[in-house]
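Data first, discussion second: the structure below is written as structure tokens.
Read-outs throughout are calculated quantities, based only on the coordinates presented, and are distinct from any laboratory measurement. Note that the structure is a prediction, hence the values are computed from the model and not measured. As a convention, Cβ positions derive from the backbone with ideal geometry for all residues, glycine included, and neighbour counts pool all protein chains shown.
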């Protein structure tokens, strides 16, 4: 996880848990405000597709990270360099030096980080499954008469629910990691040897 976030040319220190939690709350509050504004604008028809979908992609990819090299969370596929069967010539010596070194290469994640990422995805997709369960219940044709809603209104609600589920799917694993990670040590706070 990165300790600094660069947005619009400004750098923000995200080494403290409180700062990362504030960022997560602001992201989801902005999404809720966009959902409400989009509902009043055109019931999520066009504004939902443009504003909310682009917001979900931009925030999850460039602020939270996990899918790209940008953002606070390192890319989820960081283990890809371990799958090579044979290293290029001249790199055998480097691998042996790194194996004896107490510090692991930056691109490889250790077991603890891998377990945290797996657990964050497990928690995120439990929430995502609950959201999809409510959408499936809402899609039941018998609700049209029971809730006294028109078919158009139910389709609007399904569309909004799918937009919210998309935001959860794209951002919740990273948000859980940012929310649960303890404070990071900065170079100034690190104990000297």
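Structure above, values below:
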| item | result |
| --- | --- |
| The stretch 109-190: mean projected area of Cα convex hull, nm² | 7.3 |
| Cα centroid separation - the stretch 121-143 against the stretch 29-45, whole Å | 20 |
| FRET efficiency for residue 57 and residue 32, using Cβ-Cβ distance with R0 set to 22 Å, rounded to 0.05 | 0.80 |
| Residues 39, 61, 44 arranged by fewest to most Cβ contacts within 10 Å | 39, 61, 44 |
| Debye log10 I(q)/I(0) at q = 0.18 Å⁻¹ for the stretch 1-83, Cα point scatterers | -0.83 |
